[in-house]
Amino acid sequence: MSVVIAAIVLVGALCLLDLLLTFGVLRRLREQSAELERLSAGGAGGVPEFDRDALVGRTLPQPAATTIGEAPVAVVGFFAAGCEPCHKQAPELVAWASGQAGERAGARAVAVVTGTGAGADELVEIFGDAVIIIAGPDGSRVATELGISVYPTFVRTGAGGAIVEAAFMVHDVLEPSRV
């Protein structure tokens, strides 16, 4: 009889221990989920936040201004080689730039590509001759000088290369009423 009582007490203790461990695991999972939500929303230490106000009013650095030549630049897109959203939004910038011939004669788009390798080569291929491309070390330098840390980033420029609008999505700077 004492063996049965000991077995019941042992099983009860194990069940209690299992219950405590389960609550500990659930609490930790909730903490991890909250941390992932905070990081995906751009909190400190996670994905950088897009800061429109940090760009508006600044002037495009060289070589962006010298590469442009005589044609006024309307839009500059900043792309990173390994950035999936960059590859998805690049064709929209190309379509806009291709359609500008009759609407805003001479208005140009510039694509600044950071990074190297197959991803950068693929972006350059997407842009083709539709946009002016600044890639390699010059592209990385231009992005760094402006403090670009979120890709893609799009800016609309005004007189003298001053940034008048900035957005994370290409269509936000390409709306006809805003360009």
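Below are the figures for this structure:
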| item | result |
| --- | --- |
| Listing of helices (runs of 4 or more DSSP H) fully contained in the range 42-124 that carry 1 or more residues being over 16 Å from Phe168 (Cα atoms), at pLDDT 55 or above and not small (Gly, Ala, Ser) | 84-98, 100-103 |
| For Gly128: the one exception among (1) at pLDDT 85 or above; (2) closer than 17 Å to His171 by Cβ; (3) surrounded by fewer than 23 Cβ atoms within 10 Å (Cβ to Cβ) | (2) |
| Residue list for the range 131-153, restricted to those being touching a residue at least 12 places away in the same chain (Cβ under 8 Å), among the polar types (S, T, N, Q) and either outside any strand (DSSP E or B) or surrounded by fewer than 19 Cβ atoms within 10 Å (Cβ to Cβ) (or both) | Ser140, Ser149 |
| Residue ID - nearest to Phe79 (Cα to Cα), chosen from residues in the range 154-175 that are outside any helix (DSSP H, G or I) and touching a Lys or Arg at 6+ places or on another chain (Cβ under 6 Å) | Ala166 |
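The values are calculated or read from the model by the stated rules, or taken from the named source; none is laboratory data. In this text, all values refer to a predicted model and were calculated from it rather than measured experimentally. Note: ideal-geometry Cβ built from the backbone for every residue, glycine included; neighbour counts use all protein chains shown.
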